[in-house]
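Just below is one structure, and these are the notes that go with it.
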Amino acid sequence: MSADRRSWGRRALLGFCLGMLILLLLVDGVTTKTIGAAGTGVHTVASSPLAGSPPILIANGRGGLVSHQPSAGRRIALTFDDGPNPTWTPKIAAVLLAQHVPATFFEVGSQVVRYPAITRMLHRDGFELGNHTFTHANLSSLPGWEAQLQISLTESAISGITGIRPRLVRPPYSSTTEAVTPAEQHTWGAIAATGHIIAVANYDTQDWERPGVSTIVSNVLSEPTIRRGIGGVVLMHDAGGNRSQTVAALPKLIAALRSRGFSFATVSQMAGLSRAQVEVPATPGQRLRGRIFDAMLALAGLVTNWLTRVVMLVTILVGLRMIAALVLARVQLRRVRDLPPDSSFAPPVSILVPAHNEAVGIERSVRSLSGSRYAGEFEVIVVDDGSTDETGAIVETLALPGVRLLRQANAGKAAALNRALAAARHDIIVTVDADTVFEPETLGVLVQRFREPGVGAISGNTKVGNRRGLIGRWQHIEYVMGFNLDRRMYEVLGSTPTVPGAIGAFSREALADIGGISGATLAEDTDITLDIGRAGWRVLYENRARAWTEAPSTLRGLFRQRSRWAYGTIQSMWKHRRALTFAGDGSTTGGRAVVAILIFQVLLPLAAPLIDLFAIYSIVFLDPMPILAFWVAFNLFQFVLAWEAFGFDGESRRPLWALPLQQIGHRQISYLVVYDAIVSALLGSHLRWRHAERTGAVRMPVGEAPMLTGEGAVLAGEPETIEVTRT
């Protein structure tokens, strides 16, 4: 299979998974987070078209409604809206069963999906079920198709659980026929025309206002028609808020009505209809569709609840990580300050430079290495790994003292490093990428911490040399407050996962302990760092040893680079997975480093898009102010962290204006590449290292730029910097 087809397959799978997650969030948001508040409409409106009509209504054949209720006599139909609710519905049902009183429950479809056991219980116990729309929507404010959808979705939800499709409908915010407006009659009439029966009420307890037990009872008993012994439909609520007053008032109301000679019936009995006429048995196909519908909504609810918990956990971890990075970076900074450089410590050093098609930047890099102001002996070994351009010829033409060129057929970066390592004469090994430029003092500073006992590797401070554009600024910020600040923290914790290929120093003894440089992963720098840690060596960070490198200047280039990094990092983590048990190692350092990779480079990036999706979900379906406040607080804390990190590195803080923009674009690439890498691994794809495109545009402070001659040095146009390019 071609690389393009494998890439398309990975992206298609990622897109499918992301699309399904978004769909489930939308389903849950629409079905459970758009439920209107409990309440009823006004009790009278001017010139109501149904004023004086009994409350059970059917279509009149002319787009309107007409009453379908014989005389109520001394019968009362108790009805309950807005459920089911796991707290109040069972308590109300228990009171009714104890009093041997039938009732009709008008249920909200989204609540039915959330609490199917309650609906099943009501049906099993013989209570009548009615339709109260899917999201407690005001039907008269919706387009006709949406109003019909509200009813049909609720029917599907109930049929999947109970096997019946209720034909009784109570529109939300309705009360009595005196309150029905012409617009409501038009909308409800269209619903009734599909065979449904509209049931409003004669008596509204107004319990949704929580007026108190005695008031709920008196709101019914004080009605003139009740006093005259005329029954009807009573409106109450079993959900939509705290219904403790309703539960307490219900037995008192039942007793008071019975004492006045009233009996109790269901809405269908009040309408003179059989139960089968208002609870139509669902066909096998309808019930199957209902079950699938209920299952899909239940899954959406589970995913959303799981997502909420994950987001909360990730938020806490990110916050703790920020605090830990800031505190521990200060600890590391004090440690380094307590160890001043010793100019007399200058052990012999071998600098290894693997190069493949690096003609654009190889001269600049080799000149900077050869021009290092270092008190001791050092050599530079460049390995031309089967380049098809002039890389080797350029190095050969330079004929710089102390620089050796080795050539080999293309075998990969690890093989090139091992070839150079075999030819190296000294015990301190420095590895450098072929696009990297050293400052004159870098080499001398880099090796200083080998004075400390048990040090196997030292990471230098990689600087982005092409930071003019927005993408370059983003990476500059990331390198300073992400990579370099993290390396300070990791040193204190003894869990450094990576010594970068751009600038790293190693003890030859440590490299010998791990059998040289492995080519088993795309991230050989992470691989050998974990090996060294597992062998019991210390891995440190020296921020004063600065090296300037060219970062990708396009989003495409950035994505490709980070995809390789992510894939190689996951390969390395999997290779060293046994370190998680801390078994068989000379130290727990390697295990801690693998844990750091797992948490901070795999799990947190995997959870990052969930935070973005949840933020959008909250803004659309919930109160947006808390999430906006959190976003502002998060960015302020990040700004404080970046401000401190730039201070630690002695960097100008002017680029920090781009920090908020980094949350859009760059951050998404950072976590999408992890998904891409994991999908690639799951599909069995084998990525290969691709040569990065170079422009040669690396900028350094003038006082620290290597001495160049000829066409390799070009004035950049700003007095404080020079730009080194090759064409």
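Counting only Cβ charges, +1 for Lys and Arg and -1 for Asp and Glu, the dipole size of the chain around its Cα centre is about 1920 debye.
Using +1 at the Cβ of each Lys and Arg and -1 at the Cβ of each Asp and Glu in the chain, identify which of Gly647, Ser370, Leu405 lies farthest towards the dipole's positive end. Looking along the dipole axis, the top candidate is Gly647. For the range 341-441, the relative contact order works out to 43 percent when only alpha carbon pairs closer than 8 Å and six or more residues apart are counted. Each Cα pair under 8 Å and six or more residues apart adds its sequence gap; the mean of these over the residue count of the range 137-270 is a relative contact order of 20 percent.
Reported to the nearest whole Å, the Cα centre-to-centre distance from the range 519-552 to the range 308-371 is 9.
Sparse packing (at most 11 other Cβ atoms within 10 Å of the Cβ) combined with a DSSP loop state is found for none of the trypsin sites (Lys or Arg not before Pro) in the range 272-317.
Over the range 169-216, with every protein chain in place, what whole percent of the accessible area is carbon and sulfur at 1.4 Å, could you tell me?
C and S fraction of accessible area: 54 percent.
Heavy-atom accessible area for Met625, with the other protein chains in place and a 1.4 Å probe, reaches approximately 120 Å². Electrostatic tally near Lys91: other residues with Cβ closer than 14 Å to its Cβ, Lys and Arg +1, Asp and Glu -1, net -2. Axis of helix 604-621 versus longest Cα principal axis of the chain: the two differ by about 30°, to the nearest ten degrees.
3J(HN,Hα) along the range 343-348, derived from phi through the Karplus expression 6.51 cos²θ - 1.76 cosθ + 1.60 where θ = phi - 60°, amounts to 5, 7, 8, 9, x, x Hz, with x in place of Gly and Pro. About its Cα centre, the range 458-497 has a charge dipole of approximately 240 debye under the convention of +1 per Lys or Arg Cβ and -1 per Asp or Glu Cβ, with nothing else charged. Under the convention that each Lys and Arg Cβ holds +1 and each Asp and Glu Cβ holds -1, the size of the dipole of the range 209-278 around its Cα centre is about 200 debye.
Treating each Cα of the range 405-492 as one equal point scatterer and applying the Debye formula with no solvent, the log10 of I(q)/I(0) at q = 0.16, 0.19 Å⁻¹ comes out as -0.91, -1.13. Ranked by the mean number of other Cβ atoms within 10 Å per residue, highest first, peptides 320-327, 233-240 order as 233-240, 320-327.
Between the range 447-474 and the range 153-188, the alpha-carbon centres lie 68 Å apart.
Only one of the values (i) 36.7, 116; (ii) 27.9, 94; (iii) 26.1, 79 was calculated from this structure for Rg and Dmax of the Cα atoms in Å; name its label. The value matching this structure is (i).
Pair-distance distribution P(r) for the range 443-535, from all Cα-Cα distances in 5 Å bins starting at 0: 3, 13, 21, 24, 18, 12, 6, 3, 1 percent.
On average over all directions, what projected area in square nanometres does the range 62-143 have, based on the convex hull of its Cα atoms? Mean shadow area of the hull around the Cα atoms is 7.3 nm². The spacing between the range 603-645 and the range 484-509, judged by their C-alpha centroids, is 29 Å.
Taking amide H atoms as placed 1.01 Å from N in the peptide plane, the amide H of Arg407 lies under 5 Å from those of Asp384, each 5 or more residues away in sequence or on another chain.
Close amide-amide hydrogen proximity is noted between Gly232 and Arg75, Ile76, Ala77, each under 5 Å apart and 5 or more residues distant or on a separate chain (H modeled in the peptide plane; Pro and chain starts excluded). Solvent-accessible surface of the chain, averaged per residue with a 1.4 angstrom probe and all protein chains in place: 41 square angstrom.
Note that the range 386-400 has calculated 3J(HN,Hα) couplings of x, 5, 9, 10, 9, 3, x, 5, 5, 5, 5, 5, 4, 6, 7 Hz, one per residue in order, obtained from phi through the Karplus relation 6.51 cos²θ - 1.76 cosθ + 1.60 (θ = phi - 60°); glycine and proline are x. With one equal scatterer per alpha carbon and no solvent term, the Debye-computed log10 I(q)/I(0) for the range 290-432 at 0.13 1/Å reads -0.73. A dipole drawn for the range 241-359 from +1 and -1 charges on Cβ atoms has a positive end, and of Phe262, Ser244, Trp306 the residue lying farthest that way is Phe262.
The values are calculated or read from the model by the stated rules, or taken from the named source; none is laboratory data. Bear in mind the structure is a predicted one, so any value in this text is a computation, not a measurement. As a convention, Cβ positions derive from the backbone with ideal geometry for all residues, glycine included, and neighbour counts pool all protein chains shown. Areas reflect the complete protein model, heavy atoms only, side chains present, ligands, DNA and RNA absent. Shrake-Rupley method; radii C 1.70, N 1.55, O 1.52, S 1.80 Å.
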